[in-house]
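One structure below.
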Amino acid sequence: MSNAVDAVSSGAPPRPPARGRPPAPPKEVRTLDPVSEEPVSRHERKLRTRQALLDTALELLADRPFASLSLREVAKGAGLVPTAFYRHFASMEELGVALVEEATVTLRGMMRSARSDPDTYRGMISASVATVHQFVRANEDHFRFLTRERYSGGPLARAIAVELRMFSGDLAIDLARFAQLRAWSTEDLHMLADLIVSVMITTIVELLEARPGEDPKITGTAEKRLRLVLLGVPHWKTS
């Protein structure tokens, strides 16, 4: 019999572990992903659950405002009990702001795609409109959420306003690379960027509300609007 068995049979306490060798730190628990059957860490599971809550909320918002959404139905749609929601978001308001941030990532991706176009107004207009059309059709839920909540009031509307200002600011920086605009003041560049963003948002709303077959007409009108905005550029005396 070993010493450990003897100690148990005799009622003596088990020997303490040998000194000088600290216990090994606990390893991160990893389970199998039910889909891929690959090991998934606790952190990865948390990220996936958080994304599931965002995806569920966005799906539920397809034809309704954010204010009508309840924590319980979002949690249920993601396969969670309501209390588990708070492990990922402090409130529905925080989830809404996270949705705004996720949606504006799409918006910024749209802008980056348009930046690689030729250095001409006509090239910029055609590329911008084509890019808007492509991104709206590929991400309708995100754009529908942004356009609907833009005037809803509260933290979501404020978050969207901040993101649109940043979007417009980035566009103003891009506009400054055109030779005709290099002498323009920062204020005037931002004013021009705001006008272009307004045309883009109008186009996004029209695409979201379009009937089948109307896309070419909407994109054609968008190009005309942008050309009209840019017609005044050569004649503008910057302050």
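See the values below:
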read-out: Test for Arg165: is it within 30 Å of Asp55 (Cα to Cα), without any contact (Cβ under 8 Å) to a residue 40 or more places away in the chain and under 20 Å from the mean Cα position of the chain (by Cα); value: yes
read-out: Residue under evaluation Leu228, criteria (1) surrounded by 13 or more Cβ atoms within 10 Å (Cβ to Cβ); (2) farther than 20 Å from Arg148 by Cβ, criterion not met; value: (1)
read-out: Subset tally (residues that are of a type outside the set (A, V, I, L, M) and in contact with a helix residue (DSSP H, G or I) (Cβ under 9 Å, 6 or more places away or on another chain)) for segment 199-216; value: 5
read-out: Sole exception among (1) part of a helix (DSSP H, G or I); (2) not assigned by TED's automatic domain parsing to the domain that holds Leu146 for Val100, by number; value: (2)
read-out: Criterion (surrounded by 15 or more Cβ atoms within 10 Å (Cβ to Cβ) and either over 22 Å from the mean Cα position of the chain (by Cα) or assigned by TED's automatic domain parsing to the domain that holds Arg108 (or both)) met by exactly one of Thr238, Thr219; value: Thr219
read-out: Among the residues listed as Val40, Val74, the single one being crowded, with 16+ Cβ neighbours inside 10 Å and modelled with pLDDT under 95; value: Val40
read-out: Subset of segment 191-239 that is among the hydroxyl-bearing types (Ser, Thr, Tyr) and either out of contact with any Leu (no Cβ under 9 Å at 6 or more places or on another chain) or assigned to a helix (DSSP H, G or I) (or both) - its residue that is farthest from Ala130 (Cα to Cα); value: Ser239
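The values are calculated or read from the model by the stated rules, or taken from the named source; none is laboratory data. Source: prediction; values computed, not measured. With ideal geometry, Cβ positions are generated from the backbone for all residues, glycine too; neighbour counts draw on all protein chains shown.
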